[in-house]
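The values are calculated or read from the model by the stated rules, or taken from the named source; none is laboratory data. Everything numeric in this text was worked out from a predicted model, so none of it was measured. Cβ placement follows ideal geometry from the backbone for every residue including glycine, while neighbour counts extend to all protein chains displayed.
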Amino acid sequence: MIYGTTKIYGILGDPVEHSLSPVMQNAAFAACGIDAAYVPFHVAATNLPAAVAGLRSLNVVGFNVTIPHKEEVGALLDEVDGAAAVIGAVNTVVRCGDKLIGYNTDGEGLLRSLAIDLNFIPVATSNVVIVGAGGAARAAVYVLAQQGVASITIINRTLERAQALVDHYSSFFPRQILAAAAFDSENDHRKLTKYFKGCDLIINSTSIGLFGESFNVIQWDSLRSASVVYDMVYGGAGKIETPLVATAKAAGFDACNGLGMLAEQGEAAFELWTSRKSGGVMRGALVDCVDKIK
Ligand code: NAP
């Protein structure tokens, strides 16, 4: 029920219709007895400044930001938290008095999901390979480097993009080994074996698998048996299991899709807005929702 007192939260994106954030955030507000509603706002890039100004005047108390606005929204806010500033992307905005403050909870969501879904805690000896070099990879590199992992290799279709990430983060994390490499989905990937064979964690941060495409970059027989695989893709083509997760499991490796990251980045945003925890309600709401659209 919406009352005169109901606080409004939302998500800005283009497209936004596919977003599962309204489902999980509204479930969390209801479960915690918070008088609030979370709504989708379809905002084209050209309208972003007007949309943020509008949310200010309407006293919206917090909002998420998704593709394609995560990089641009920071300039429209009063403050951007240190991590979001280094990552160069904001996915959560909190109203604090008259100020709008930007945060990035994607990286925190990944770390929490790694721990919950794969029992993986990054440590100083961890070697990580991240496939992909887009916005999701930027957040992943930041949090893993912050945890002090030994090395991060970024493998991307466009080498320049992977190298740009390495160049960006090298000045912030001079003690970690950051490296870039290229892959071509048409070619033989044996040349990538040297990156995979010593790694503890492989993360797919590309959109490969979203529409059921197979992920053929990894030489499974070169991996250590303890390696684990995290696929940021979730629920592609109406299915909760992604091709990468299915292949990794068939090859005997522990693997999970990105639904947990989605839930945990939302949980971290909810905590910033309300100082409360949903206690797993968001995750449950997401799983129910994905089950229904299967
Ligand atoms: P992005 O900034 O657009 O980056 C896309 C990345 O995928 C780039 O590295 C791109 O390579 C690569 N790529 C796309 N199509 C490819 C193909 N056919 N072959 C090889 N590489 C390809 O997107 P993003 O925001 O980083 O998101 C990437 C994926 O992560 C999406 O599927 C998104 O849904 C998922 N994600 C999940 C969560 C979660 O909570 N689970 C959060 C964020 C993102 P190039 O640089 O060569 O173009």
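Worth pointing out:
- Residue 161 falls short of the stated requirement of being over 28 Å from residue 216 (Cβ atoms), within 13 Å of the ligand (Cβ to nearest atom) and either touching a Lys or Arg at 6+ places or on another chain (Cβ under 9 Å) or not aromatic (Phe, Trp, Tyr) (or both).
- Enumeration of residues in the range 149-181 that are more than 23 Å from residue 244 (Cα to Cα), part of a helix (DSSP H, G or I) and in contact with a strand residue (DSSP E or B) (Cβ under 8 Å, 6 or more places away or on another chain): 163, 165, 166, 169, 170
- Check on residue 210, in contact (Cβ under 8 Å) with a residue 12 or more places away in the chain, more than 9 Å from the ligand (Cβ to nearest atom) and within 18 Å of the chain's Cα centre (by Cα): no
- Pairing residues of the range 141-169 that are modelled with pLDDT of 95 or more and among the basic types (Lys, Arg) with residues that are outside any helix (DSSP H, G or I) and within 15 Å of the ligand (Cβ to nearest atom), at Cβ distances under 8 Å and at least 6 apart in sequence or on separate chains, gives 161/133; 161/134.
- Looking only at residues of the range 98-127 that are among the aliphatic types (A, V, I, L, M) and surrounded by 24 or more Cβ atoms within 10 Å (Cβ to Cβ), we find that the one that is nearest to the ligand (Cβ to nearest atom) is 110.
- Candidate set: the range 187-207, residues that are in a loop (DSSP other than H, G, I, E, B) and of a type in the set (Ser, Thr, Tyr); chosen: the one farthest from the ligand (Cβ to nearest atom): 205
- Selection status of residue 217, within 14 Å of the ligand (Cβ to nearest atom), over 30 Å from residue 31 (Cα atoms) and in contact (Cβ under 8 Å) with a residue 40 or more places away in the chain: yes
- Residue in the range 116-139 that is over 26 Å from residue 62 (Cα atoms), within 12 Å of the chain's Cα centre (by Cα), modelled with pLDDT of 95 or more and assigned to a helix (DSSP H, G or I) present: no
- Of all the criteria given as (1) in a loop (DSSP other than H, G, I, E, B); (2) in contact (Cβ under 8 Å) with a residue 40 or more places away in the chain, the one not satisfied by residue 184 is (2).
- Search result, residues across the range 219-237 that are closer than 24 Å to residue 262 by Cα and at pLDDT below 90: 234, 235, 236, 237
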